[in-house]
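What follows is a set of notes on a single structure, which appears directly below.
The values are calculated or read from the model by the stated rules, or taken from the named source; none is laboratory data. Worth saying up front: this structure is predicted, and the values here are computed from it rather than measured. Here the Cβ is made from the backbone with ideal geometry for all residues, glycine too, and neighbour counts use every protein chain on show. To get the accessible areas, we keep the full protein, side chains included, count just its heavy atoms, and leave off ligands, DNA and RNA. Shrake-Rupley method; radii C 1.70, N 1.55, O 1.52, S 1.80 Å.
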Amino acid sequence: MCEFCHKHGEGKKWYLQAKNYSEDLLSDLRRRKFIADFFLHPEDTAKEVAKLERLDRAPAFVRSVLTPYMSNRQKKVHFGQVLPIEDVERIFGFVSSIVRVACLCRQITVGTEQRYCYAVSMAPQGGKFEQIIREIDAGYLTGPDTAGLETLSKDEALASLREHEKDGLCHTVWTFITPFIGGICNCDRSDCFAMRCTVTYRMPVMFRAEYVAEVNPELCNGCRQCMRVCQFGAIGYSAANKKVVIDPRRCYGCGVCRASCTKDAIALQDRSAVPVAAAIW
Ligand code: SF4
Ligand code: SF4
């Protein structure tokens, strides 16, 4: 179990606890303002990322002091954790509203509206959270979101996420002033600020899944398709064995490699059951 499960999940998976999606948490005006500012002022996020780029080039002692400070600060307000599709399905099983919205990161990096994020809520018809998102949507980023919000059924949302997975995108769950959970994103290293901060700039704001992938060498034919989709460089190829191997210390447990394997050679197992990875988040 990660630190978030201990702090926000009473020892169970914190993102499967319905109370973390509750309307009660949304009655906090500070949180409502945070959500609105987050979406309406993407330039602030871009500035933070620029600071991290500078920090990445700073002397080691500066990094060693500032990195844990900034990462801990982020854990309190807006952090993400990687999820395999089966845990996304569990979340979709108990939320009452799923709305597809434009991705803030891609609006900045690609410059156009790209719908890769799914706001979720426990309240009927989305409650206050959907109302906040609708208000934001009316003046979103470069102007009104002309396509409007899309309300999806659980099956529609899951089908859409499976398509993202085929494109190699990794599912993540996000807080808006922790522990309130606002939605599920679908990330890649080139467009997602959080993944870039975490993997490229070594500033953890997006944490590993409760799982680690493992290859069954009896089933693997060495096609290397899984290597092409792993965004974390966790898969190596043994020319001698003509099979791949997954380094559990690098694996984020997203399961994207599993979706790409036509031989069903990859499975996820609990991180806690893999001693070398159990304490790596
Ligand atoms: S995609 Fe499957 S069969 Fe191909 S190398 Fe990876 S694990 Fe082996
Ligand atoms: S090896 Fe790990 S990190 Fe890489 S795609 Fe597979 S589950 Fe994700």
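Structure data summary
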{"item": "Once the Cα gyration tensor of the chain is diagonalised, semi-axes √(5λ) in Å", "result": "30, 22, 19"}
{"item": "Whether region 162-215 is rounded, prolate or oblate, judged on the alpha carbon gyration tensor where a/c under 1.5 counts as rounded", "result": "rounded"}
{"item": "Those aspartates and glutamates that a straight Cα-Cα span of less than 13 Å connects to LYS243, excepting residues fewer than 8 apart in one chain", "result": "GLU214, GLU218"}
{"item": "Positive-end residue of PRO248, LEU25, MET227, charge dipole of the chain with Cβ unit charges", "result": "PRO248"}
{"item": "Gyration tensor (alpha-carbon) shape descriptor, region 169-281, a/c threshold 1.5", "result": "prolate"}
{"item": "Dipole magnitude of region 205-261, debye to nearest 20 (Cβ charges: Lys/Arg +1, Asp/Glu -1, about Cα centre)", "result": "200 debye"}
{"item": "Across LYS242/LYS263; LYS33/LYS166; LYS7/LYS47; LYS33/LYS75, pairs whose alpha-carbon gap is larger than 25 Å", "result": "LYS33/LYS166; LYS7/LYS47"}
{"item": "Exposed-loop-free span, longest in the chain, where GluC sites (Glu not before Pro) count as exposed if DSSP calls them loop and at most 13 other C-beta atoms lie within 10 Å", "result": "11-217"}
{"item": "Solvent exposure ordering (accessible area, 1.4 Å, most first) of TYR116, TYR201", "result": "TYR116, TYR201"}
{"item": "Sulfur and carbon atoms: percent of accessible area, the chain [1.4 Å]", "result": "54 percent"}
{"item": "Mean-position separation - Cα centroids, region 241-277 and region 85-114, in angstrom", "result": "24 Å"}
{"item": "Sequence of ASP44, ASP264 from largest to smallest accessible area, 1.4 Å probe", "result": "ASP264, ASP44"}
{"item": "Debye, to nearest 20: dipole size of region 148-267, +1 on Lys, Arg Cβ, -1 on Asp, Glu Cβ", "result": "580 debye"}
{"item": "Mean ellipticity per residue at 222 nm, deg cm²/dmol - from DSSP H runs of n ≥ 4 across the chain, formula -39500 (n - 2.57)", "result": "-11000 deg cm²/dmol"}
{"item": "Relative contact order (%) - region 1-80, alpha-carbon pairs under 8 angstrom, separation at least six", "result": "10 percent"}
{"item": "Relative contact order (percent, whole number), region 35-182, Cα cutoff 8 Å, 6+ residue spacing", "result": "32 percent"}
{"item": "Beta bridges by DSSP in the chain, antiparallel share as percent, to the nearest 5", "result": "95 percent"}
{"item": "Using alpha-carbon coordinates, inclination of helix 85-94 to the longest axis of the chain, degrees", "result": "30 degrees"}
{"item": "Global geometry of region 1-158, whether rounded, prolate or oblate, following the gyration tensor of its Cα atoms and the 1.5 cut on a/c", "result": "oblate"}
{"item": "Helix 60-77 axis, angle to the chain major axis (alpha carbon atoms, nearest 10°)", "result": "60 degrees"}
{"item": "Length released on extending from SER153 to ARG224, taking residue separation times 0.36 nm less the Cα-Cα span", "result": "22.1 nm"}
{"item": "Charge dipole (the chain, unit charges on Cβ, about Cα centre) - positive-most of PHE38, LEU66, ALA119", "result": "LEU66"}
